[in-house]
Amino acid sequence: MTSTIKVNTITTESGSTLTVGGCGKTVALASGASQTGFGREGSVNWQTGSLKTTTFTAVSGEGYFINQGSAITMNLPAGSAGAIVAVSDYARNFATYNLTISPNGSEKIGGVAEDLTLNVNGQALTLVYVDSTKGWINVQNAEDTETGSAFISASGGTETTVNCGVCKVHTFTGPGNFVVSSISSCVANNIISYTIIGGGGGGGDNDGGGGGGGGYREVKNPISPYTASPLDGYPVIPNRVTVTAASFPIVIGGGGTLGPAGTPGTNGSNSSGFSITSAGGGGGASECGTRNGLSGGSGGGGGAGGGTQGSGGAGNTPPVSPAQGNAGGNAAVGPTPSSQRNGGGGGGATAVGEVAQAASRGGGGGAGATSSINGTPTGRAGGGGGGGRQGLGPASNGGGSGGDPGTSAVEGTTNTGGGGGGAAEGGPGDAKNGGSGIVIIRYKVA
């Protein structure tokens, strides 16, 4: 027997409750019909008749089984409070063919305005849009969506944990490999923080300039809790590094060599990792030759001699953004050139090298950059001080101070990328080498 009721509305005669159906009965919508006004309470309608094999845009209130043979993307709808979307790995091959979930415009997933990648076989996910602060929140609690997929797992270099175990740090003071064995299902957690510093330049001899600091490049992932240097390049998308499960070679640049017997220092060597390169610092000039400092990550200081004051070398060479260093300082010659010659300071990561003071001393090294990426505020990539007949140029953040007639120049500090100090003519020693570079990597593990 079939019953048919034809009405436009159903209302109660009294009270505020309308009961549709009876005990043990099911109220169902006809095929192709839709409902409005009932709202949702944490469930979706699974689209069992349409497996997803190519990129698509989700609809609130629907769940999708993914059966792709290649990596695809699910675009989320515009978020509104209570909107709900779910997915499940029908083919059990998300590890091979990742599913990327992309939020609408600048909206967030879990509080981060980034895509979400599902890469665990059998993974399932239910997202509910809460508000503009956190955006879409995962309310799925299946074990196969959680185990081993929250954070990066990696090895290499000297490994430490900081922030009470919240973050892991890998420090490379020599060449090696950063080996990522697994990545996070959240793209934001796969963006590493890093500092890459080239080797410092060597100082110049005989009233020579200080070596330039090694190029300094840093990116801080905003989800990692530490104070980065002013050179944090995260806003510039090409500077970001999103790791995959792979091995990444790390190169550490050596410091430039000193300039003996009136010769300029040499440039430091480049440091690199993840296709990001920090140039070696420029060598400091001497009293001989052009007397101009060499260009590099930061430029070497100019040299003084024969009544001529050389110029500092250019920094940020080759150019990157943010700039990886600054120019070296010019040399100075006093009223009596034969006795008043002072080399310029090498450039540093955040400041130019100081111009030498004609009748006083060599120029000071330019300031380096300070970061807490390893858990402790540390300054690196400072310029070396210039050598002078009236007095030595001071150094900065790993750079070596210059020499004067009674004081030897100082080497740049190992694994800081500091520039070597320039020497004074007639002083007790030659100019000095630059300090080697360093690579530091940091990411969240809890």
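Of the candidates Ala424, Ala351, the single residue that is on the phi < 0 side of the Ramachandran plot, assigned to a loop (DSSP other than H, G, I, E, B) and out of contact with any Pro (no Cβ under 7 Å at 6 or more places or on another chain) is Ala351. Residues in the range 209-225 that are at pLDDT below 95 and not polar (S, T, N, Q): Pro222, Ile223, Pro225. When you scan the range 197-206, do you find a residue that is assigned to a loop (DSSP other than H, G, I, E, B), modelled with pLDDT of 95 or more, over 16 Å from Leu294 (Cβ atoms) and under 17 Å from the mean Cα position of the chain (by Cα), even just one? Looking for residues that are assigned to a loop (DSSP other than H, G, I, E, B), modelled with pLDDT of 95 or more, over 16 Å from Leu294 (Cβ atoms) and under 17 Å from the mean Cα position of the chain (by Cα), one finds none in the range 197-206, hence no. Being touching a helix residue (DSSP H, G or I) at 6+ places or on another chain (Cβ under 7 Å) and not assigned by TED's automatic domain parsing to the domain that holds Ala113: is that true of Thr257 here? Considered against the rule, which asks whether it is touching a helix residue (DSSP H, G or I) at 6+ places or on another chain (Cβ under 7 Å) and not assigned by TED's automatic domain parsing to the domain that holds Ala113, Thr257 comes out as no.
Filtered by the rule that a residue be more than 16 Å from Gly334 (Cβ to Cβ) and in contact with an Asp or Glu (Cβ under 8 Å, 6 or more places away or on another chain), the range 382-406 gives a lone residue, Gly400. Here Val352 passes the criteria (1) under 33 Å from the mean Cα position of the chain (by Cα); (2) touching a residue at least 60 places away in the same chain (Cβ under 8 Å) except the one numbered (2). The listed residues are Asn316, Asn326, and the only one of them that is crowded, with 24+ Cβ neighbours inside 10 Å and either under 22 Å from Lys432 (Cβ atoms) or not aromatic (Phe, Trp, Tyr) (or both) turns out to be Asn326.
Residues in the range 107-164 that are more than 24 Å from Asn67 (Cα to Cα), assigned to a strand (DSSP E or B), at pLDDT 90 or above and within 26 Å of the chain's Cα centre (by Cα): Gly135, Ser153, Ala154, Ser155, Thr158, Glu159, Thr160, Thr161, Val162.
From the list Gly300, Gly289, the one residue that fits, being assigned to a loop (DSSP other than H, G, I, E, B), under 16 Å from Gly387 (Cα atoms) and among the small types (Gly, Ala, Ser), is Gly300.
Conditions (1) in the same structural domain as Gln324 (by TED's automatic domain parsing); (2) without any contact (Cβ under 8 Å) to a residue 24 or more places away in the chain; (3) more than 16 Å from Gln357 (Cβ to Cβ); (4) out of contact with any Leu (no Cβ under 7 Å at 6 or more places or on another chain), marked per residue:
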position	(1), (2), (3), (4)
Gly400	yes, no, yes, yes
Asp404	yes, no, no, no
Ala423	yes, no, yes, yes
Gly426	yes, no, yes, yes
Gly429	yes, no, yes, yes
Lys432	yes, no, yes, no
Arg442	yes, no, yes, yes
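Can you tell me which residue is surrounded by the most Cβ atoms within 10 Å (Cβ to Cβ) among those in the range 362-396 that are in a loop (DSSP other than H, G, I, E, B) and hydroxyl-bearing (Ser, Thr, Tyr)? Selected residue: Ser396.
Let's see how each residue does on (1) among the small types (Gly, Ala, Ser); (2) more than 21 Å from the chain's Cα centre (by Cα):
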position: Ser229; (1), (2): yes, no
position: Val243; (1), (2): no, no
position: Gly265; (1), (2): yes, yes
position: Ala279; (1), (2): yes, no
position: Arg291; (1), (2): no, yes
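Test Ser224 against the stated conditions and say whether it is out of contact with any Leu (no Cβ under 6 Å at 6 or more places or on another chain), of a type in the set (Gly, Ala, Ser) and surrounded by 18 or more Cβ atoms within 10 Å (Cβ to Cβ). Spelling it out, Ser224 is indeed out of contact with any Leu (no Cβ under 6 Å at 6 or more places or on another chain), of a type in the set (Gly, Ala, Ser) and surrounded by 18 or more Cβ atoms within 10 Å (Cβ to Cβ).
Listed here are the residues, each with its yes/no results for (1) in the same structural domain as Asn138 (by TED's automatic domain parsing); (2) without any contact (Cβ under 8 Å) to a residue 40 or more places away in the chain; (3) touching a Gly at 6+ places or on another chain (Cβ under 6 Å); (4) polar (S, T, N, Q).
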residue: Ser50; (1), (2), (3), (4): yes, yes, no, yes
residue: Thr53; (1), (2), (3), (4): yes, yes, no, yes
residue: Phe56; (1), (2), (3), (4): yes, yes, no, no
residue: Gly61; (1), (2), (3), (4): yes, yes, no, no
residue: Ile72; (1), (2), (3), (4): yes, yes, no, no
residue: Leu76; (1), (2), (3), (4): yes, no, no, no
residue: Gly82; (1), (2), (3), (4): yes, no, no, no
residue: Val87; (1), (2), (3), (4): yes, yes, no, no
residue: Phe94; (1), (2), (3), (4): yes, yes, no, no
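The values are calculated or read from the model by the stated rules, or taken from the named source; none is laboratory data. This is a predicted model, so every value here is computed, not measured. All Cβ positions, glycine included, derive from the backbone under ideal geometry; neighbour counts span all protein chains shown.
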